[in-house]
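Student: Submitted below is the structure of interest, expressed as structure tokens.
Readers should treat all values here as calculations from the given coordinates under stated rules, not as data from a laboratory. Small disclaimer: the values here were computed from a predicted structure and weren't measured. Neighbour counts are summed over all protein chains in view; Cβ atoms, including those assigned to glycine, are modelled from backbone coordinates with ideal geometry.
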Amino acid sequence: MSKFGTSQPVTRLEDTRFLTGKGRYVDDIAPEGALHAFVFRSTAAHGVITALDVSEAREAPGVHLVLTAEDLAQAGLKNAMKYAPVKNGDGSRPPLPARPVLAEGRVRFVGEPVAFVVAETLTQAKDAAELIILELEDRPAKLDIAPGGEVLHEVAPDNVAYDFAMGDAAATDAALAGAAHVVTHTSHDNRVIVNSMEPRGCYAEPEGERIHLAVNGQGVWGTKGELAKWFGWSEDRVRVTNPDVGGGFGMKGMNYPENLLAAHAARMLGRPVRWMGERTESMLSDNGGRDLIVTTTLGFDADLKLVAFRTDSLSNMGAYPSNFGMNIQSSLYSKVLTGTYDVQTYHFRNRGIYTSTTQIDAYRGAGRPEAIYALERAMDFAARDLGVDPLELRRRNFIASAQFPYRSATGELYDVGDFHRVLTRAEAEADLAGFAKRRAASEAQGKLRGLGLCYYIESILGDPSETATIEITATGAKVYVGTQSNGQGHETVYAQLLHDQTGLPLDAIEIVQGDSDLIAHGGGTGGSRSVTVQGMAMRATAETLITGLSAFLAEDMDRADIGFDAEEGVFRAPGSNVVVTLIEAAGRARAAGRPDLAKVTETRTLPGRSYPNGCHITEVEIDRDTGAVRVDRYTVVDDFGNLMNPRLAEGQVHGGVVQGIGQALTEHVVFDDTGQLLTATFMDYGMPRADDAPFIAFHTEPVPSTANPLGMKGCGEAGTVGALAAVANAVQDALWPLGVRQVDMPFTPARVWDMLQQPARIAAE
């Protein structure tokens, strides 16, 4: 096997340019002489606009344009962002209001765009924005996650965005009524800010009758389609590109007002226009994550086998419906909640609630990490409440390996899995046998020690289809892909895949991504789909390329037995000393009038989802006097199927675990009672740091997926999915002997110290 092929820990190829300052980020490559844009935003969480005067701003030095909602209307543009609607549980469509591009009539969250100022310099644009007069009739902020209260939208007088349900409610109630044991647990999943290393940004430039928008997103085709529709143009008049992107995390997977406004301004002025968000601005305006309350009821028979579960979720949707993911949230939340457990019935209900805080992205707000967090918290709580070992409770409810392929209660078809094997490996690697000794050592120092675990299962989401084009050039190959790397190492993995099939050196393979002119279709990046779906398409394309060139050479050389040696990257015939390299074969084909053999495109669709799963086990230590929580040990055993690059997979898991630890210990979005964001800088918002995380031991127990030819399962969100519940369950375990029964993230010293006082307060009452 080649040391540079798949399943080998190849160092990332793209790191050379990233670490030497040669990255091509959107703010680095904006056209010379581009005008600068600044967004004038609402400073109130909720209010009626009684006056908006931009006349002085328009006359300010260096200003070329100031856009308001009125200007968009005069230009014939609809003041509304695209969003993905979701039906209520009864099949009706809720009256969802559109999110305005620029506030019109009313503002509904702090940071909502009100005006777009374009000037020669950023300083001039900011100075002009200071001259804008915005008068508001203040309205109360809607901040609680519950129906009712101050009305944000007249079409939703109860502030309920939707009321979704799936499953058989009557059967679930009956099963719970007949269960030998019923346990109910409520978990609070705190709101977080994505805080990608590179804030959102874009630039737009006219290209004749076309417009080019460069944006640091997670794909180009959704933005391209939305922009074309907004302008009333055919899509061929719009080009969207994604250069290098410094982190996406789902937050950059949808369109935002600034992208549309920059494109419109560039079209009006006939000059390039650039906009780059600042950190506090991003904290105010980016779609957030999490922020929901889930009540889970589990029913067990006398042998502690799950017979039913019911969940009721209140999800903070922010001021407007998301333009990405509400349908995903509603259809997959409960499917993932079925998890690795063999339940007979279930019932899921999710109510999206509007608040006047920053819009929350529904995909992140109630997606896989949140669903698994709620169920694994409830399972752990049930184990302690019923007096059974948390590992044993999970083992009793696992789907056995012999039962695969397995159709879940929600209709998901799990292709393969061996949950018992993964859990047993995790138990050994985490040295659970030595936990009692470590707990005693902590207690001897006056500290509490807790053990927590999470067994998760997730699914590959997003578009199941992807297209790849491979072009053999005079020096190597260009591979055109429909996904978009946000820092995950796609360029390296895709080069490894092609190296395996063609023998071409890694440095001779160029990965082309993020250009709607060069790549006709693509699903972008999100939901851990990239390498699995794109890799499948690449493999098929390489096979077509080799087959076509083999047939051409057989005819050209009059040798029917021409074969391809993928290890050496050459065509040859047995017993012949004639050797033709892949590059030479492509050159011959082009010279013979067959360029189609040197540039091949194939599209493939996943026959089914794959289901990465794994076990996270962690130990925390808590200082009784201060409430400080320290994550002391962390072990992960994952089943990702076949790994394309173990080093990159481990890095993904490490990053995800630290993200989960960050939310569990320090990250928390806080608003005051007027809707002002109190955590709008890194001085106030607790991003995880190096000393917040221990060494993370990573191991794999692969069961190759049968749902794709590569046997992969994906790993993009696996670290965060497991970390949230594992850390929270460890804190619960540490505090359980003291009588503490409700623990919720974030576990800051002040909050945990307060939890430690709960038993005394209860006793006093």
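Student: Which parts of region 92-116 would a label at L269 reach, counting a residue when its backbone N lies under 12 Å from a point 7 Å out along Cα-to-Cβ?
Tutor: Counting only backbone N, you get 116.
Student: How high is the relative contact order of region 659-704, in percent, counting Cα pairs under 8 Å that sit 6 or more residues apart?
Tutor: Normalised by residue count, the contact order of region 659-704 is 36 percent.
Student: Based on the Cβ-Cβ distance of N642 and E555, what FRET efficiency does E = 1/(1 + (r/R0)^6) give at R0 = 35 Å, to the nearest 0.05?
Tutor: Calculated value: 0.45.
Student: By how many nm would the segment from E120 to E137 lengthen if fully extended, with 0.36 nm per residue of separation less the alpha-carbon distance? Intermediate values should be presented prior to the final figure.
Tutor: Numbers: separation 17, 0.36 × 17 = 6.12 nm, distance 3.34 nm.
Gain in length upon complete extension: 2.8 nm.
Student: What net charge do the residues around R210 carry, taking every other residue with its C-beta under 13 Å from that of R210, with Lys and Arg at +1 and Asp and Glu at -1?
Tutor: Within the 13 Å Cβ shell, the charges total -2.
Student: Considering Cα pairs under 8 angstrom that are at least six residues apart, work out the relative contact order of region 609-656 and quote it in whole percent.
Tutor: Working: 44 pairs, mean separation 16.7, N = 48.
With pairs under 8 Å counted, the relative contact order is 35 percent.
Student: Hey, another quick one. Sequence-distant or interchain residues sharing an amide H contact under 5 Å with M317, placed H: which?
Tutor: Here the answer is I353, Y354, T355, since their amide H atoms fall under 5 Å of that of M317.
Student: Provide the per-residue ³J(HN,Hα) series for region 37-52, in order, calculated from phi with Karplus coefficients 6.51, -1.76, 1.60 and θ = phi - 60°, each as a whole number of Hz, with x at glycine and proline positions.
Tutor: My calculation for region 37-52 gives 10, 9, 9, 7, 10, 5, 9, 10, 7, 7, x, 8, 6, 9, 7, 9 Hz in order.
Student: Another question, if that's okay. Please pull out the direction-averaged projected area of region 687-765, using the convex hull of its alpha-carbon atoms, in nm² to one decimal place.
Tutor: On the way: hull surface 32.5 nm².
Over every viewing direction, the Cα hull of region 687-765 projects on average to 8.1 nm².
Student: Another one. Tell me, what ³J(HN,Hα) does each residue in region 274-279 have, in order and in whole Hz, if you take phi through Karplus 6.51 cos²θ - 1.76 cosθ + 1.60 with θ = phi - 60° and put x for Gly and Pro?
Tutor: Each residue of region 274-279 in turn: 10, 9, 9, x, 9, 4 Hz.
Student: Now for a separate question. Using all Cα-Cα distances in region 343-459, what percent lands in each 5 angstrom bin from 0 up to the longest?
Tutor: Histogram of Cα-Cα distances, whole percents per bin: 2, 8, 13, 18, 18, 14, 10, 8, 6, 2, 0.
Student: Something else now. Given a Förster distance of 56 angstrom, what is the FRET efficiency for E70 paired with A170, based on the Cβ-Cβ distance and rounded to 0.05?
Tutor: Working: r = 52 Å, r/R0 = 0.94.
Rounded to the nearest 0.05, the efficiency is 0.60.
Student: With θ set to phi - 60° and the Karplus curve 6.51 cos²θ - 1.76 cosθ + 1.60, what are the ³J(HN,Hα) couplings of region 99-104 in order, to the nearest whole Hz, using x for Gly and Pro?
Tutor: After applying 6.51 cos²θ - 1.76 cosθ + 1.60, I find 7, x, 5, 10, 3, 9 Hz.
Student: Mind listing the long-range amide H neighbours of G288? Cut-off is under 5 Å, sequence gap 5 or more, other chains count too, H placed in the peptide plane at 1.01 Å from N.
Tutor: HN-HN under 5 Å from G288: I360, D361.
Student: Quick one: Cα convex hull volume of region 177-255, Å³ per residue?
Tutor: Output value, Cα hull per residue: 168 Å³.
Student: Oh, and also: Using 0.36 nm per residue, how much length does the chain from D596 to R279 gain when fully extended, once their Cα-Cα distance is taken away?
Tutor: Values: separation 317, 0.36 × 317 = 114.12 nm, distance 4.74 nm.
Length gained, D596 through R279: 109.4 nm.
Student: Mind putting a number on the dipole of the chain about its Cα centre? Charges go on the C-beta only, +1 for Lys and Arg and -1 for Asp and Glu, and I need it in Debye to the nearest 20.
Tutor: Here the size comes out at about 840 debye.
Student: Classify region 598-686 as rounded, prolate or oblate, taking a ≥ b ≥ c as the square roots of the eigenvalues of its Cα gyration tensor: rounded when a/c is under 1.5, otherwise prolate if a/b is larger than b/c and oblate if not.
Tutor: Values: a/c = 3.09, a/b = 1.64, b/c = 1.89.
It is oblate, given that a/c is not under 1.5 and a/b is not larger than b/c.
Student: Determine, for each peptide in 112-121, 517-526, the mean count of other beta carbons within 10 angstrom over its residues, then list the peptides with the highest first. Show your work: numbers first, answer last.
Tutor: Numbers: 112-121: 23.2, 517-526: 20.9.
The packing order, highest mean first, is 112-121, 517-526.
Student: Ok, one more. If you take Cα extents along the principal axes in Å from the coordinates, which of (i) 91, 74, 51; (ii) 90, 56, 46; (iii) 74, 65, 51 do you get?
Tutor: Checked against the structure: label (i).
Student: Please give, to one decimal in nm, the separation of the simple spin-label points placed at T16 and A51, each 7 Å out from Cα toward the Cβ.
Tutor: 6.2 nm
Student: How high is the FRET efficiency between E150 and M683 when r is their beta carbon distance and R₀ equals 41 Å, given to the nearest 0.05?
Tutor: Using R0 = 41 Å, I get an efficiency of 0.85.
Student: I've got another one for you. From zero up to wherever the largest Cα-Cα distance of region 474-578 sits, split into 10 Å bins and tell me the percent of pairs in each.
Tutor: 14, 41, 28, 13, 4
Student: Relative contact order for the chain using alpha-carbon pairs under 8 Å, separation at least 6, rounded to a whole percent?
Tutor: Details: 1840 pairs, mean separation 115.4, N = 765.
The normalised contact order for the chain reaches 15 percent.
Student: Tell me the volume per residue, in Å³, of the convex hull enclosing the alpha carbons of region 18-82.
Tutor: Residue-normalised Cα hull volume stands at 208 Å³.
Student: Would you pull out the residues with amide H under 5 Å of T679's amide H, same chain only if 5 or more places away, H placed 1.01 Å from N?
Tutor: V670
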